[in-house]
Amino acid sequence: MHNICTFRCIASALLLPPDLLALLERLVRMAGKTGLNLRQSYVRVGKLALIKHQRYAHARQFKRANKALCRLKTYLGRTIRDIDRQIAGDARLDTLFKWPLYQAATVLEQRQRQRGRKIYSLHAHEVECIGKGKAHMPSEFGVKVSVATTLKTKAWSRSAPVRSRSRLSPCHD
């Protein structure tokens, strides 16, 4: 006999436009440490674009906010292409930049209502969107796991291994 409990682990760090700037800064910092000379770092103007985006969104001027966000995405895309050009043919730099460039390219390409895998958090890549179907909170972000223990032992007395992690379809909001 097994007692199966289902938990939701809620994530607090979700992907927002500040994470676009964090991706840009991370790539520029890694390029500087490895000795790559970028054409332009875009960190200073990226910060200004992010500030404009936040100001326009707060003032409910969403067309202007989206224009500033598009400019920030342009800076990230230029940095990705510049790094790709410079690391072509170098296996050491290719392995070093593989995961950050993959994250940046995925975040740059993902759309609001796309099907399939999306990156919701840079710090915890396993975070998914869990649809709840409630009016006050239609979805939450995290990982839904199932823990199986025997009935004789108390579930709260010891840590049980995670038996399965359910694969949920991501939200399309």
### Whole-number D in µm²/s for segment 35-140 (Stokes-Einstein; Kirkwood sum over Cα pairs; 4 °C, 1.567 mPa s)
80 µm²/s
### Task
May I ask you to list the lysines whose Cα is less than 29 Å away from that of K73, ignoring any residue fewer than eight positions away on the same chain?
K33, K47, K52, K63, K98, K118
### Query
According to the square roots a ≥ b ≥ c of the eigenvalues of the Cα gyration tensor, what is the shape class of segment 71-115, taking rounded for a/c under 1.5, prolate for a/b larger than b/c otherwise, and oblate for the remainder?
oblate
### Task
Using the heavy atoms of the protein chains and a 1.4 angstrom probe, tell me the accessible area per residue for segment 54-149 in square angstrom.
63 Å²
### Query
Using the Cβ atoms and a cut-off under 12 Å, what net charge is assigned to the surroundings of L20, where Lys and Arg are +1 and Asp and Glu are -1?
+2
### Rough spin-label spacing in nm, given labels placed 7 Å along Cα→Cβ, for N66 and K134
3.1 nm
#### Entry: H58 versus Y102: modelled label distance in nm, points set 7 Å from Cα along the beta carbon direction
3.7 nm
### Query
Sorted by mean Cβ packing within 10 Å, highest first, what order do the peptides 22-31, 95-104 take?
22-31, 95-104
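The values are calculated or read from the model by the stated rules, or taken from the named source; none is laboratory data. Keep in mind that this is a model prediction, so the values were computed, not measured. No Cβ is skipped: glycine too gets one built from the backbone with ideal geometry, and neighbour counts run over all protein chains shown. Ligands, DNA and RNA are excluded from the accessible area calculation, which covers all protein heavy atoms including side chains. Shrake-Rupley method; radii C 1.70, N 1.55, O 1.52, S 1.80 Å.
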